[in-house]
1. Could you work out how far apart the two model spin labels at B:TRP122 and B:ASP205 are, taking each label as a point 7 Å from the Cα in the direction of the beta carbon, and quote it in nm?
2. Quick one: B:ARG126, B:ARG86, fewest Cβ neighbours within 10 Å first, how do they rank?
3. Would you kindly calculate the translational diffusion coefficient of region B:184-317, applying Stokes-Einstein with the Kirkwood radius from alpha carbon pairs, for 37 °C and a viscosity of 0.692 mPa s, and quote it in µm² s⁻¹ without decimals?
4. Quick check on my link table: of B:LYS166/B:LYS214; B:LYS131/B:LYS219; B:LYS145/B:LYS234, which ones sit more than 31 Å apart, alpha carbon to alpha carbon?
5. Taking every DSSP beta bridge with both residues inside the protein assembly as shown, roughly what % is antiparallel (nearest 5)?
6. For chain B, state what percent of all Cα-Cα pairs lands in each successive 20 Å bin, counting from 0 Å until the bin that includes the largest distance.
7. In what sequence do B:HIS147, A:HIS96 fall when counting other Cβ within 10 Å, fewest first?
8. Any chance you could check the Cα centroid distance between region B:283-311 and region B:148-171 for me, in angstrom?
Amino acid sequence: MENPAKIQLTLNVNSRPWDVLIEPRATLLEVLREVLGFTGAKEGCGVGGCGTCTVLFNGRPIRSCITLAAEVDKGEILTIEGLADLWPNRKEGELHPLQEAFVENHGIQCGFCSPGMILTAKALLDENSAPSEGEIRDALSGQVCRCTGYAKIIDAVADAANRLAPGGESK
Amino acid sequence: MIKPKGLFAALVALDAEPESRALAGGTDLVVQLKHRLTAPSTLISLLACGLSSIRREGGGVTIGVGVTLWDLARSPELTGANDIIRKAASLVASGPIQSRATLGGNLGLDARCNLYNQSEFWRSGRPACFKAGGAVCHVAPGGVKCHACHMSDLPAALIALGATVKVASALSERVVPVENLYTGEGLKPLALERNELIVSVHLPDQQGGAGFEKFRVRKGLDFALAIGAAYVEKDSSGVVTKAKVAISAVGGGPVVVEDAAKALIGSKLEPEALEKAAQAASATAKPMKNSDLTPAYRKKMAGVAVKRAASVAGGEA
């Protein structure tokens, strides 16, 4: 098959517009990693199964490896690189409370699944600020951690919910 | 890729190019592209076609096929028995898939098989099967047809609720019951012409109760291995006056199980009646050895799914 003509589009990634010239068949993950250099999102299975490529699109988690970049030019994309900047009280070099909770609860082992885990957890906490353990497990059920550190990850999300709650230690 | 503005423009484009395919959420189609299972000349994006509304009309709810499973799972319009659509949508894979996957994509999902839905490299180890354009079935060697399994979640629930779909091409439009959308054949599971698109689903308001049960190995990742859905109406003394039962993910398409409904009607959903309905469902299920777990177990679980769905339906009717 001949290479189709490239298309020009503007993607809003991490609160900034980026003009890109890409093939129509390019996935969002390819554009994020190889064109824009946001390598936080990882390619695991490449077919939407494992969740390591998860980013947020208009606040909802999506699989960037099976989303064509040309389909997400109207809306806000958030990758792990942009998460800390969303935190209003953040000082230079500080992480988002959700990231801090993952670090302090040992929710990160090899780190490959962490960006997808953290962003999926962010979408959950934005919709439900005090999720039960069952709700956390449900929300993360499509995210695979091959280090199998699930218990610590679930603890981290529960801890993050506490930190983000009014009166929690992050406010 | 083209992004037609409006449904008619999309239908014209689909009609004009025989090798084109419509793209909605892409959670299945993009995987097929990556696996080289399809090689469309053009992708027709349905994003700008205005198919994403859920509205009340004609004594029920009309849902555009572009509505995501994420929105469907949270829709306040789906009340009473229609609530099982919310449940079914929430059980499709997990949130990051539901946020892109659409109602239309779920209804129009192709039949699947462990020996077909694999990468090009994986498949290259043996001759092409019927579904890949060859002349053999690796699941049933010596068989004369494709045994791929239709594993999508929403059809059984919609069928039990008596939903209809609007199907349109550039030249025509028709409304059919959801069960008529499926051929039961793994090779070509959809009774749609190449230039036709499912446009919307209409769910009538319900008097009774409904239940939906789905089995799979890993929640959040796997496709269904058996699905049962039931709708039940009861009179004031608790006797079932109307019932509809459907199963899916255990054959080439979703099926209405008339005998299960018959077993429920006239009963008070006593254990014996539920058991009879379960047996009817198991007898109708025709799973093959093309996904996880054995066919015998999935056949049995189709009955269990129906039993549980009917029991929940009865409790809500």
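1. So the two model labels end up 4.7 nm from each other.
2. Working: B:ARG126 11, B:ARG86 20.
Listing B:ARG126, B:ARG86 from fewest to most nearby Cβ atoms yields B:ARG126, B:ARG86.
3. Working: Rh = 15.4 Å.
The diffusion coefficient I find is 213 µm²/s.
4. Violating the 31 Å Cα-Cα cut-off are B:LYS145/B:LYS234.
5. Numbers: 52 of 58 bridges.
DSSP beta bridges in the protein assembly as shown are roughly 90 percent antiparallel.
6. 33, 58, 9, 0
7. In order of increasing Cβ crowding within 10 Å: A:HIS96, B:HIS147.
8. 20 Å
Where a number appears in this text, it was derived from the coordinates with a stated rule and is not lab data. Since we're looking at a predicted model, the values are computed, not measured. In this analysis, Cβ positions are derived from the backbone assuming ideal geometry, glycine residues included, and neighbour counts consider all displayed protein chains.
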